[in-house]
Amino acid sequence: MAVYQTSDLTAASFSVALFGLAATTVLLMLGSAWVGRKWRLPVALCAIAALVGIGSVFEAREAWLAGQGVPVVYHYVGWSVSMPLQVMALFFLARTAGRLSAGLFWRLVVVSALMVFVRYLGEAQFMHPTLAFLIGLVFWLYLLGEFYFGRMDDVIRSSTGDYLRRGYFWLRLIVTVGWAIYPLGNFLTAFAGMTDDGSLSIAYNLADILNRMAFGVAVLATAALVTEETAHA
Amino acid sequence: MAVYQTSDLTAASFSVALFGLAATTVLLMLGSAWVGRKWRLPVALCAIAALVGIGSVFEAREAWLAGQGVPVVYHYVGWSVSMPLQVMALFFLARTAGRLSAGLFWRLVVVSALMVFVRYLGEAQFMHPTLAFLIGLVFWLYLLGEFYFGRMDDVIRSSTGDYLRRGYFWLRLIVTVGWAIYPLGNFLTAFAGMTDDGSLSIAYNLADILNRMAFGVAVLATAALVTEETAHA
Amino acid sequence: MAVYQTSDLTAASFSVALFGLAATTVLLMLGSAWVGRKWRLPVALCAIAALVGIGSVFEAREAWLAGQGVPVVYHYVGWSVSMPLQVMALFFLARTAGRLSAGLFWRLVVVSALMVFVRYLGEAQFMHPTLAFLIGLVFWLYLLGEFYFGRMDDVIRSSTGDYLRRGYFWLRLIVTVGWAIYPLGNFLTAFAGMTDDGSLSIAYNLADILNRMAFGVAVLATAALVTEETAHA
Amino acid sequence: MAVYQTSDLTAASFSVALFGLAATTVLLMLGSAWVGRKWRLPVALCAIAALVGIGSVFEAREAWLAGQGVPVVYHYVGWSVSMPLQVMALFFLARTAGRLSAGLFWRLVVVSALMVFVRYLGEAQFMHPTLAFLIGLVFWLYLLGEFYFGRMDDVIRSSTGDYLRRGYFWLRLIVTVGWAIYPLGNFLTAFAGMTDDGSLSIAYNLADILNRMAFGVAVLATAALVTEETAHA
Amino acid sequence: MAVYQTSDLTAASFSVALFGLAATTVLLMLGSAWVGRKWRLPVALCAIAALVGIGSVFEAREAWLAGQGVPVVYHYVGWSVSMPLQVMALFFLARTAGRLSAGLFWRLVVVSALMVFVRYLGEAQFMHPTLAFLIGLVFWLYLLGEFYFGRMDDVIRSSTGDYLRRGYFWLRLIVTVGWAIYPLGNFLTAFAGMTDDGSLSIAYNLADILNRMAFGVAVLATAALVTEETAHA
């Protein structure tokens, strides 16, 4: 194992992301047993998204320590699994408040997987970068559309739970703000010809802390508060 | 650990399969504790099939990164354990609907193990490739015959559960379509003299996503829906 | 990690044993929580025997891939832990049917551990091979004697459970047939001067599939069937 | 893996910290299932802090064995995750006694994370060391202020539980005394120009034994005693 | 990973200790969930002592296979964690029978940790070997005194449980006999100038089998028998 120095901020950010994701995974795994029945699935999905993050961050750090920058594919591999998982978590979170169609579920999962895949194709030059960027953007906007104006928003709005509405509001915000960094990074590497000298990885690691750790903990907190609220009602 | 580049689609597909299988394993492991008593075994068997997949995909990726292509034996080693497990999962899924003989169980397990073993013998030139291909094909058709026209189909048909029937329909379809890629790959490498330049591994990894991940998740979903249905009945 | 080729049947058999033992371990671990109280211990002991097998098969495969054959000590290390565990499993399986003395327990454990140890001393030339072979044989026959004509057989015979009797019959048969390969291998390497060119390891791996996997699954199946039978009685 | 000699006290202290943290992690993980509902979260958070410690101590030891001293970043990476976790544990411990605002929670978490981050910036020369040291000191004093004179202390004081009050007293003392070593070490490396020849790592490892192991075990003991007390009341 | 040969008895003893400790760890972990409430802690502490043993034996074996003997520090690192854990296990075992003071607990833990630490200081020449040996001996005799004539013995004697008294008798005997090998080894290496050519490690591995495996299994057996006895009373 290569040793990194104190001044290597990129390696430090990878390590913090690595240990933070490990802590998040274990907390959410344990937490999935503490919440009400309906809430186990969304919490578990967030735990699994964090678990996958451990693997992809670990491998990206190895690549970084090997000394030639981090090929962007390492980030995409992790996202290709964790993003559909998080979209599923949001779906099942909304589903605790009311019926949602299986069709919506499949649309969300497939679109989020395609969004990552198309961006990757652009980055790897298998597809024209501009085209890939635009298609990826459309997919992302579609997801945001579903979260803000779709059936999930309706169901949450009509729910009686106060904590659930507030939780959904914050989670949607995390997805809106936190996921915006990915098309931005995609834009910079694909058009501005930027190569990753470590600073892009730092940005992605910070985004991971927001998107995987804060997202998961917010789902667990919502689940715990709603479970408590329901028990007292 | 060798570092792979963004344009190495084969390595990326191995990594996605690796993380996807890890996510599936954990989800199904957790899920096996959420479903009704009778359903724990089929869900657990799918979880174990995905777990074995983690190991075999990891080793296949190591072989790929070592730079000389992936010897096809790496795929066969994984299948030799996961295919009998999945056939068992389908058997115990059907058994939740009615009595099935132990003899059928052993026939299914032995035939599915032999199917993989015979194909391997052909690939490794320990047996004449044409003969091995044909025997493997016969074994596969036997399995399909049992699933479509055998006792398992009878038991499912006569069951009252709507979700169970639909679940069995989809699972059988996955096995029919998804497993068809293996004799096809077997045919191409054994007769057409194709050597794996990475594209065969990509195809096998895609098949894994369908056969191990979608299959397992479908079993879990069926189990969860039937458990819910039974609880309300 | 060294890459092995498709034609390396020994490496393939190690890998199949490795993944098969991992699958068995997880299945039995999960299964030990599904059976009746008295049955948890025998199932858990089989799970642990399979777990130890993962470690010893993994290390034996590393030795094989390093290219100089597998020193037979790798097999003995695994057996020295797994064989006493399996004898214990059989003891606690019989004890579900009636009282057995602690003295019998210690005799079985010590004799099975000594059997492996003496054979090892012979293989390593620390003891005269013929003498070691004969002492090992006597220990093995003693164990078989206990299983066929001893107190365990009495207790099982007088039990009312049909599944228990049948399970004990099959498990005893596995031990009789499956464990016979070890003195045979011991004989071949110690007297016939055979060195392991890979075929002995294949034979031992096949024996492992029978002795660790089939044995453990048979214990789990017996436990599950007896638990069900008792619940309905 | 490099082999270290008996006289290498630094390596020995890393190894003792490593195994001690592993033991603590497992004990607290198991223990979190033994205590009352409200106590599971603080115990689990301490378990996770110890788990993260395993990773960071392991990597620090690797760096040490590679022979060029331990870059201080290895310690900071671990603290950046474990310190906020321990502050959270103390918060949720106090919360078992009464209502605490979510605002206080976020202040504690953010301040403890910033404290570690600012010190790191100073050590890595990204910020002026004196400034970083002073800001870190202010953050630490703020945390101590909250623990001694803030809302948490009020809530504990007004609680009826004797064990809880005593537990909080000891835990606060551990944080006060045990965490004092970090600004001290920070001072020595940042101003006195001290480089780590191993003795600083020994001091940090001893501090870890106090801060992560004793802290976690004290939380578990408090939780167990309060749970017992409540059950008898 | 270095490959060891069949005639390397030291490597074989390390491997047997490694797999045996792994088996013990898993058995005790599972077992801690099978026994009565009060018994979970002593069983879990023995499980953790065995778990720590896995780590230290694994690293000692790596050192041995690297070819320059096993620096004695590898043994001491393991003992520094496992011995206090086992003394705690004995304390909590006695505490199931009656009240014991927290002061006694801390004396036992601190003395057992110091015993290992002082011996290490002697071996590493940080302290005069004779002095270290004598102090270590005094600490050991103090522990034996507590076990034979102290408050723990009183509590056990006055307990009504037959199995508990017998279990305590055997466990104390294991500690008396099994731990005697450590001062003996300490004496030989410190005074007789013996360096470890492998035979000392074999002796220590045998002692581990007695002290960690037999000790843990005896605690589990006592716990299981007492739990059963109490349930029937």
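The values are calculated or read from the model by the stated rules, or taken from the named source; none is laboratory data. These numbers come from a predicted model, not from an experiment. Every residue, glycine as well, gets a Cβ built from its backbone with ideal geometry; the counts of neighbours run over all protein chains shown.
Annotations
- Residue within the range B:189-198 that is farther than 24 Å from residue B:63 by Cα, crowded, with 17+ Cβ neighbours inside 10 Å and not charged (D, E, K, R) present: no
Each row is one residue, and each column tells you yes or no for (1) touching a strand residue (DSSP E or B) at 6+ places or on another chain (Cβ under 6 Å); (2) closer than 16 Å to residue B:12 by Cα; (3) charged (D, E, K, R).
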residue: A:67; (1), (2), (3): no, no, no
residue: A:72; (1), (2), (3): no, yes, no
residue: A:75; (1), (2), (3): no, yes, no
residue: A:80; (1), (2), (3): no, yes, no
residue: A:92; (1), (2), (3): no, no, no
residue: A:96; (1), (2), (3): no, no, no
residue: A:107; (1), (2), (3): no, no, yes
residue: A:118; (1), (2), (3): no, yes, no
residue: A:125; (1), (2), (3): no, yes, no
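- Only a single criterion out of (1) surrounded by fewer than 24 Cβ atoms within 10 Å (Cβ to Cβ); (2) closer than 19 Å to residue C:54 by Cα; (3) of a type in the set (Phe, Trp, Tyr) is not satisfied by residue B:74, namely (1).
- Checked against (1) more than 23 Å from residue C:94 (Cα to Cα); (2) in contact with a helix residue (DSSP H, G or I) (Cβ under 6 Å, 6 or more places away or on another chain); (3) surrounded by fewer than 18 Cβ atoms within 10 Å (Cβ to Cβ), residue C:126 meets all criteria but (2).
- Only residues that are more than 9 Å from every other protein chain (Cβ to nearest Cβ) and more than 20 Å from residue A:41 (Cα to Cα) were counted across the range A:73-89, and they come to 1.
- Every residue from the range B:15-31 that is closer than 18 Å to residue B:65 by Cβ and more than 9 Å from chain A (Cβ to nearest Cβ): B:17, B:21
- Any chance residue D:11 is closer than 19 Å to residue A:20 by Cα and of a type in the set (A, V, I, L, M): no
- Criterion (in contact with a Leu (Cβ under 6 Å, 6 or more places away or on another chain) and among the aromatic types (Phe, Trp, Tyr)) met by exactly one of E:204, E:163: E:163
- Leading residue by the ranking (nearest to residue B:228 (Cα to Cα)) among those in the range B:47-57 that are surrounded by 24 or more Cβ atoms within 10 Å (Cβ to Cβ) and within 7 Å of another protein chain (Cβ to nearest Cβ): B:48
- Considering (1) of a type outside the set (Asp, Glu); (2) more than 9 Å from every other protein chain (Cβ to nearest Cβ); (3) surrounded by fewer than 23 Cβ atoms within 10 Å (Cβ to Cβ), the lone condition that residue B:34 does not fulfil carries the number (2).
- Test result for residue D:107, among the basic types (Lys, Arg), more than 14 Å from the chain's Cα centre (by Cα) and more than 13 Å from chain A (Cβ to nearest Cβ): yes
- Residue that is in contact with a Gly (Cβ under 9 Å, 6 or more places away or on another chain), more than 14 Å from chain B (Cβ to nearest Cβ), crowded, with 24+ Cβ neighbours inside 10 Å and among the aliphatic types (A, V, I, L, M), where the choices are C:97, C:60: C:60
Let's see how each residue does on (1) over 22 Å from residue C:29 (Cα atoms); (2) modelled with pLDDT under 85; (3) in a helix (DSSP H, G or I); (4) in contact with a strand residue (DSSP E or B) (Cβ under 9 Å, 6 or more places away or on another chain):
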{"position": "C:187", "(1), (2), (3), (4)": "yes, yes, yes, no"}
{"position": "C:195", "(1), (2), (3), (4)": "yes, yes, no, no"}
{"position": "C:207", "(1), (2), (3), (4)": "no, no, yes, no"}
{"position": "C:214", "(1), (2), (3), (4)": "no, no, yes, no"}
{"position": "C:217", "(1), (2), (3), (4)": "no, no, yes, no"}
{"position": "C:221", "(1), (2), (3), (4)": "no, no, yes, no"}
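- Here residue A:44 passes the criteria (1) within 9 Å of another protein chain (Cβ to nearest Cβ); (2) more than 15 Å from the chain's Cα centre (by Cα) except the one numbered (2).
- Evaluating residue E:61 against the criteria (1) out of contact with any helix residue (DSSP H, G or I) (no Cβ under 8 Å at 6 or more places or on another chain); (2) under 29 Å from residue E:11 (Cβ atoms) leaves one unmet condition, (1).
- Pair list, Cβ < 7 Å and 6+ apart or interchain, from the range B:29-45 residues that are within 10 Å of residue B:216 (Cα to Cα) to residues that are aromatic (Phe, Trp, Tyr): B:42/B:92; B:45/B:92
- Of all residues in the range E:141-185, those that are surrounded by 15 or more Cβ atoms within 10 Å (Cβ to Cβ), outside any helix (DSSP H, G or I) and hydroxyl-bearing (Ser, Thr, Tyr) total 1.
- Scanning the range C:82-115 for residues that are of a type in the set (Lys, Arg) and closer than 14 Å to residue C:139 by Cβ yields a single hit, C:107.
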